[in-house]
Amino acid sequence: MRLGPTGPAGYLPPFRIGETLTGLAVGEVLRSRAPGYEPGDTVLHINGFREFAVIRQDGDTLAGAGGVTRLDTVEHPPQAYLGALGSAGLTAYVGLHCIGELAGGDVVWISSAAGAVGSLAAQIAKLRGHYVVGSTGSAEKVRFLREELNLDAAFDYHTPDLTRALDGAAPDGIDLYFDNVGGAHLGAALHRLRPGGRVAMAGAVASYDAETAAAGPDNLFQIVSKSLTVKGFRAGAYDHLLGDMRAEVGGYLRDGRLVAEETVFDGLESAPDAIVAMLRGRTVGKTLCRLR
């Protein structure tokens with residue numbers, strides 16, 4: 001949603017004046033004329049931020065949700081399809097598997113590691129047997145990464161010297177940087193990436209609300225000198241991998257090996273507070289708004 005009004009052309013369609021905001025949501029079917037959908041079914045759709053909606057079965061799509069998708073809620077709660085089994089999980093899965101080409105023995109650094117995508121990417125990499133470093137924005141979140149997610153190392157990015165903090169967490173360098181932040185974080189990663197290292201760019205939260213242009217890295221020649229690969233991606237282009245992602249991540253959830261942390265705000269009127277809290281780093285895991 002944040003990038004709808006201000007993101008680069010083509011990233012997301014702009015919101016139109018007077019229209020209800022869209023967003024991924026789960027809800028219950030009250031009435032249906034579409035084959036395969038019955039009253040009482042739980043569905044995923046993109047008509048969020050409203051208590052009732054009329055949805056076409058062949059409507060618009062966004063980040064893993066068709067016009068409407070019926071969900072199996074026997075094994076997993078409905079909200080899991082907004083986070084670990086939804087677009088956040090797909091972003092983490094694609095960034096590690098397809099873009100980052102995670103390989104045996106990799107040392108992985110994940111920025112914004114207490115957020116929706118970062119916390120999942122960190123755990124998936126850890127569960128696959130890799131050494132994982134996470135950075136986040138407070139001492140409490142550092143504790144969460146170390147004690148709740150069991151990461152190998154974690155640090156607060158507010159440290160005076162980001163590169164030195166990364167040096168301490170991964171003294172032998174890193175092989176993969178999963179970038180949710182951009183800016184100075186990317187520069188630190190380029191400094192510590194080993195030859196042949198990779199960067200999977202999923203976001204640039206440092207610049208979303210910047211009133212002036214955020215400083216970019218001044219060491220881009222590292223990409224050339226160390227034969228690094230830097231690639232951005234959008235998870236929506238990989239919808240065909242939803243089944244694979246849900247098979248892996250769903251298994252971790254069933255076994256209790258993955259923590260799907262959520263910060264929940266109650267009531268439609270709380271939606272602005274939820275968005276602001278998420279963008280200002282006041283939430284952990286997936287930020288959700290419970291409408292009713």
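The values are calculated or read from the model by the stated rules, or taken from the named source; none is laboratory data. Predicted model only: the values in this text are computed from it and were never measured. Quick reminder, even Gly has a Cβ in these numbers, built from the backbone with ideal geometry, and neighbours come from all protein chains shown.
Quick notes on this structure:
Residues are listed down the side, and each one gets a yes or a no for (1) out of contact with any helix residue (DSSP H, G or I) (no Cβ under 9 Å at 6 or more places or on another chain); (2) loosely packed, with under 15 Cβ neighbours inside 10 Å; (3) more than 30 Å from His158 (Cβ to Cβ); (4) at pLDDT 90 or above:
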{"residue": "Arg198", "(1), (2), (3), (4)": "no, no, no, yes"}
{"residue": "Val205", "(1), (2), (3), (4)": "no, no, no, no"}
{"residue": "Ala215", "(1), (2), (3), (4)": "no, yes, no, no"}
{"residue": "Thr229", "(1), (2), (3), (4)": "no, no, no, yes"}
{"residue": "Ala237", "(1), (2), (3), (4)": "no, yes, yes, yes"}
{"residue": "Glu248", "(1), (2), (3), (4)": "no, no, yes, yes"}
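- The lone exception for Leu127 - which of (1) of a type outside the set (D, E, K, R); (2) closer than 24 Å to Leu288 by Cα; (3) out of contact with any Gly (no Cβ under 7 Å at 6 or more places or on another chain) it fails: (2)
- For the stretch 113-140, a residue qualifies if it is surrounded by 24 or more Cβ atoms within 10 Å (Cβ to Cβ) and more than 16 Å from Ala84 (Cα to Cα), and the qualifying residues are Val132, Val133, Gly134, Ser135, Thr136.
- For the stretch 250-292, residues that are at pLDDT below 95 and in contact with a helix residue (DSSP H, G or I) (Cβ under 7 Å, 6 or more places away or on another chain) total 2.
- Near pairs, Cβ below 8 angstrom, 6+ apart or cross-chain, from the stretch 228-256 (under 26 Å from Val181 (Cβ atoms)) to any residue that is in a helix (DSSP H, G or I) and hydroxyl-bearing (Ser, Thr, Tyr): Ala235/Ser87; Ala235/Thr91; Gly236/Ser87; Leu241/Tyr93; Met245/Tyr93; Glu248/Tyr93; Val249/Tyr93
- Cβ-Cβ contacts under 7 Å between residues 6 or more apart (or on different chains), taken from a first residue in the stretch 22-46 that is basic (Lys, Arg) to a second residue that is modelled with pLDDT of 90 or more, are listed as Arg31/Pro39.
- When we screen Asp273, Asp244, Asp255 for residues that are of a type in the set (D, E, K, R), closer than 30 Å to Glu51 by Cα and not assigned by TED's automatic domain parsing to the domain that holds Ala200, the only hit is Asp273.
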